[in-house]
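The values are calculated or read from the model by the stated rules, or taken from the named source; none is laboratory data. What you are looking at is a predicted structure, and each value in this text was computed from that prediction instead of being measured. Counting neighbours? That spans all protein chains shown, and the Cβs are built from the backbone with ideal geometry, glycine included. For accessibility, only protein heavy atoms count, side chains too; no ligands or nucleic acids. Shrake-Rupley method; radii C 1.70, N 1.55, O 1.52, S 1.80 Å.
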Amino acid sequence: MMKLTLKNNLFVMLIFSVVVLTAPIWLSPIGANYPDLLQKFAIFGIFAIGFNILFGLTGYLSFGHATFLGIGSYSAVWCFKLFSMNVLPGIVMGTVIAGIFAFLIGYVSLRRSGIYFSILTLAFAQMSYSLAYSVLTPITNGETGLQLSSEDPRYLDALFSVEVTEGLPSTNLFGQLMSGYPGFYFCATLLIIGFYISLKIFRSPFGLKLRAIKSNQTRMRYTGFNTRPYLLTAFIISGMYAGLAGSLMAVTDPLAGAERMQWTASGEVVLMTILGGSGTLLGPLFGVTIIKYFENIFSAMNTSTLNEFFSFLPEFLQSIMVSISQHFVGEGWHLTLGALFMLVVIFLPGGVMEGVTLINKHVRLKLGLRYDDPSVAQSEPSGIEAAPASLTDSQKEEKK
Amino acid sequence: MDVFLIQLLNGLDKGGAYALIALGLTLAFGTLGIVNFAHGALFMLGAFCAVTVQQILTMSVKVRDESITFFEAYKEQPYLEIWWGDTGTAIIDYAVPISILFVIPIMLLIGLALERGLIKHFYKRSHAEQILVTFGLAIVLQEIIRAFFGANPIPTPAPDIVAGSAAIGSFLGLSDNLVYPWWRLIYLAFSSLVIFGVFAFLKFTTFGMVVRAGMADRETVGLLGINVQRKFTIVFGLAAVVAGVAGAMYAPILPPDYHMGMDFLVLSFVVVVVGGMGSLGGAVTAGFLLGILQSFASMNEFKAIFPGIDQIIIYLVAVIVLLVRPRGLMGREGVMED
C-alpha cells in the first residue's frame, strides 16, 4: 500500500498541485488574488526553483542568471513575431535557446569555482546586457525593447490561416487568450511540472552527487569523479528554467527589454532563494511569494494610506511614525527589501524554511512528541559523513 | 600621437578610481577575509560627503539684488559671502578639496562602526553569505542616500582655478590642440599619492609590518601577543577612508548619484579578480590596466572593427585572464582556491 508521507513523490505533487491551482481562492483574503500578481508568483517561482537547483544543491553562486531570463524573453518574442502567436513554440524556443546559452556560458564559467565563478557569470551577464543595449539593437531593439508589430510575418499562423484580428494580436494557446486567469493557470501548470522535475532531481542520485559537490568537491575528485559534467548539467537545467520563466514573461506580456538582464535582476533571484531557504524544495517558492507580495503592497503605499494606518495613535506619534515609515514604502520599497534581506542573512541564514523547522522542532519538543531531525535523517549532509555516503550510493549506480 | 596620449590619460584617471576602490576591497579581503560588496557604497558615501559639505557651505539667504534698480529683485546669497565677503566666496569655491578634511574622519568612523557592528559577525560564515549580507547593506545605503538627496545626479563643481583644461600639448612640445581637464590630472596625481601612501604605510611603519605579517600568518602573529584583530579593524577603517576620498575627489568628474557605487563596484570586483585576490599590487596594476584598455577600446578605430567593444572589453579581458591565469595576474597560491 502507498504510504501517504512527504517521502512519497506522488503525494507531495498532489498536495502541491492542489495548493497552487487553488491559489486564487486562498490568496483572496490578503488581496493577492488578481491574475497579474498570481502570474508573477508562478513565473518567478519557476525562475527561483531553477536557480535553487544550481545554488541550493551545488553551492555555486551565479550572479548572472538574469541573462537566461532575458534570452528566454527575446527568443519567445521573436518566435511570436516570426512563427506563431501560439505560446507553445514560444516557450519551447525560449527554453531551448536559453539552454544553449547556458551550455556556452557554463562551459567556460565552471572551469573556476567560488567567488571566481560568481565574477565570471557576472561578467558574462554584464556583457550580454551591454550588447543587448547597444550593438545587438537589430535583434533586441535596444532601449525601446522588442515588441510585436502588425507587419510581422508569422509564417505558421499564415500557413494554418489563423484569422487576423484588428490591431496587435495577443498570445494564445490554441485560441485561448493568455491573459488574466487562463494565463495564470498556464503558468501554474508549468510551475507544477517544473516543481516535479526539481523534486525528482532533489531525490535522485544525480541530486545527491550535486550535494556531495557542495559539501566536499575535492573529495569527489579524489575518488575518481569528474565533477564538471554534473555541474554543467545542473547549470544548463537551471538556465533552462530561467529561459522558461523569461518566455512566460513574454507570454503574459509580449515585450522584452534589456533591463531584464541587468545584474540587479540576477541579485533579485538570489535574494528570493535565500529568503525562502536555499537548498530546500519549497523555500524558493516562499521567498518569491513573500517578496513579490510585499513589493506589490509596499510600493503601492503612500503618505495618506500610512496616515490611515497609524490613525489609532495620538496625533504627534502618528506624524512621527508616518514620517519615519514613508521612507520604506512606495519608491523606498527597495530600502525595506535590503533591510529585510540583511536581517534574514544575519539571523536566519537558512531562510524561512529554517524558521519553519525551528518552530516545528520547538513545538514538537514542547508537546513531547517524537522529533526526527530532518537535517540528520536526509538532506544537508554535513561535511564528513556526506561524501562517503554519497559516493557509495553513486558507485553502486555506476556498477549497475 | 595626440589621440594616443589623450586616451592614455583618460584611461589613467578612470583607472585611478578603479585602482583606489580595488585597493580598499583587497585590503578588506586580505586582512579580514571579507568579500565586501558594500565597498562601492562607501565610494558613493564619500562622494555624497563632498556634496553635503558643498551644500552646507552654500547655505544661502534671500537678499535684495542691488544691481537691479528698476524693480525689487531678490537673489540667493550664501551666508559665507555675507559674513566674510571674498574669503567666503573662495571657501565655497574650494568646497571639494575642503570636504576631504571631513571625509577622512567620517569614513573612518563609518568603516570602524561597520566592521564592529556587522562584518565582525561574518568572519566564520561562507563567502556567499558575506557577499549576500554586504549586498543587502549596499542596497540599504544607496536607498538611504536616495531618500535624502533624490535620484538625480548632483553637480559638484571643482574650484574655478582648475575648472579649465591644461595645455599638455604645448607643454610637451607637441601640438597645441592637446588639452586635458585640470581636475582629471589632479585626480590622477591624487590617486597615485593615495596608493603610494597606503603602500608606504604598510611597508615602512611598524603597524604596517604587523598587518602584513598578520595577512601572511594570522595565528603566529596572534601567538606573539599582538592583538591582530584590532589592527585589522583599523585596516578596514582605512579601506573605507580610501574608498571615501576616492569618491569625494571623483565628484567633480562624475556628478554623484545614488547608484554610482553599484556601477563602480561591479567593475572593481572584476579588477580585483583580474589582479588576483589578496594581492595589493595586482589590484592597482589591474585597475590602471583595465582603465587604459577601456579607454582605448572606446576609440572609433576599434569600434569600427568590433562594434560595442568598449562596453564589454573589461569583462572580456576578465574572462580571458581568469581562464588563462586562474589566480589572476598576481594572485598568490592558496587564496580563495576552494
About its Cα centre, chain B carries a charge dipole, from +1 on Lys and Arg Cβ atoms and -1 on Asp and Glu Cβ atoms, whose size in debye to the nearest 20 is 1220 debye
What does the accessible area per residue of the protein assembly as shown come to in Å², with a 1.4 Å probe and no ligands, DNA or RNA counted? 46 Å²
Extreme residue, positive dipole direction of chain B, given options B:Met299, B:Leu224, B:Gln142 (C-beta unit charges): B:Leu224
Projected onto the charge dipole of the protein assembly as shown (+1 at Lys/Arg Cβ, -1 at Asp/Glu Cβ, origin at the Cα centre), which of A:Phe202, B:Gly275, B:Ile186 gives the Cα projection farthest towards the positive end? A:Phe202
Taking the chain alone as reference and the full protein assembly as comparison, with a 1.4 Å probe on protein heavy atoms only, the residues of the range A:124-151 that lose at least 40 Å² of accessible area are A:Gln126, A:Met127, A:Ser130, A:Val135
Please tell me the relative contact order of chain A in percent, rounded to the nearest whole number, where contacts are Cα pairs under 8 Å and at least six residues apart. 26 percent
When the helices in chain B are scored as -39500 (n - 2.57) per DSSP H run of 4 or longer and the sum is shared across all residues, what 222 nm value do you end up with, to the nearest 500 deg cm²/dmol? -22500 deg cm²/dmol
Computed for the protein assembly as shown: size of charge dipole around the Cα centre, +1 on C-beta of each Lys and Arg, -1 on C-beta of each Asp and Glu, debye to nearest 20, value 3320 debye
Stick to the Cα atoms of the range B:1-98, pair each with every other, and give me the Kirkwood hydrodynamic radius in Å at one decimal. 17.5 Å
Can you list the trypsin sites (Lys or Arg not before Pro) in the range A:30-119 that are in a DSSP coil and have 12 or fewer other beta carbons within 10 angstrom? none
Suppose the Debye formula is applied to equal point scatterers at every Cα of the range A:31-261; what is log10 I(q)/I(0) at q = 0.08, 0.13, 0.17 Å⁻¹? -0.32, -0.77, -1.17
Fraction of alpha-carbon pairs over 27 Å apart in chain B - percent: 50 percent
Average beta carbon contacts from partner chains per residue of B:146-155, 10 Å cutoff: 1
Treating the beta-carbon of each Lys and Arg as +1 and of each Asp and Glu as -1, no other charges, what is the dipole magnitude of the range A:31-261 about its Cα centre, to the nearest 20 debye? 1660 debye
Drop in accessible area of at least 50 Å² in the complex versus isolated chain, residues of the range B:248-295, 1.4 Å probe: B:Val266
Anyone know which of B:Ile56, B:Ile314, B:Ile21 comes out most mobile in the 10 Å Cα GNM of chain B? B:Ile56
Looking only at Cα atoms, what is the convex hull volume of chain A per residue, in Å³? 195 Å³
Dividing the convex hull volume of the Cα atoms of the protein assembly as shown by its residue count, what figure in Å³ per residue is obtained? 257 Å³
When the accessible area of the protein assembly as shown is computed with all protein chains present and a 1.4 Å probe, what percentage of it is carbon and sulfur? 66 percent
The range A:226-374, relative contact order in percent, only Cα pairs under 8 angstrom and at least six apart counted: 21 percent
Averaged over B:305-317, how many beta carbons belonging to a partner chain fall within 10 Å of each residue's beta carbon? 4
For a 31 Å ceiling on Cα separation, which of these pairs sit above it: A:Lys40/B:Lys124; A:Lys209/B:Lys231; A:Lys214/B:Lys303; A:Lys200/A:Lys292; A:Lys40/A:Lys200? A:Lys40/B:Lys124; A:Lys209/B:Lys231; A:Lys214/B:Lys303
Selected from A:Met240, A:Met301, A:Met127 as most flexible by GNM, with chain A as the system and alpha-carbon contacts under 10 Å: A:Met301
Chain pair B, A: how much accessible area is buried, both chains summed, with a 1.4 Å probe, in Å² to 100? 3500 Å²
Sequence-separation-based contact order of the range A:31-261, relative, with Cα cut under 8 Å and 6+ spacing, percent: 46 percent
With the dipole of the range A:31-261 defined by +1 on each Lys or Arg Cβ and -1 on each Asp or Glu Cβ, the option from A:Thr67, A:Leu57, A:Pro169 whose Cα lies farthest towards the positive pole is A:Leu57
Do you know which residues of the range A:214-263 lose at least 40 square angstrom of accessible area in the protein assembly compared with their chain on its own, with a 1.4 angstrom probe? A:Trp263
Taking chain B as a Gaussian network, Cα atoms linked when under 10 Å apart, which of B:Lys231, B:Lys75, B:Lys303 shows the biggest mean-square fluctuation? B:Lys75
So how do B:236-243, B:316-323 stack up, highest first, on mean other-Cβ count within 10 Å? B:236-243, B:316-323
So if the hydrodynamic radius of the range B:50-112 is defined as the Kirkwood radius over C-alpha pairs, what does Stokes-Einstein give as its diffusion coefficient at 20 °C and 1.002 mPa s, in µm² per second? 160 µm²/s
Considering only the other residues whose Cβ falls under 14 Å of the Cβ of B:Val321, what net charge follows from Lys and Arg at +1 and Asp and Glu at -1? +4
In whole Å, what is the distance between the alpha-carbon centres of the range A:22-77 and the range B:67-94? 57 Å
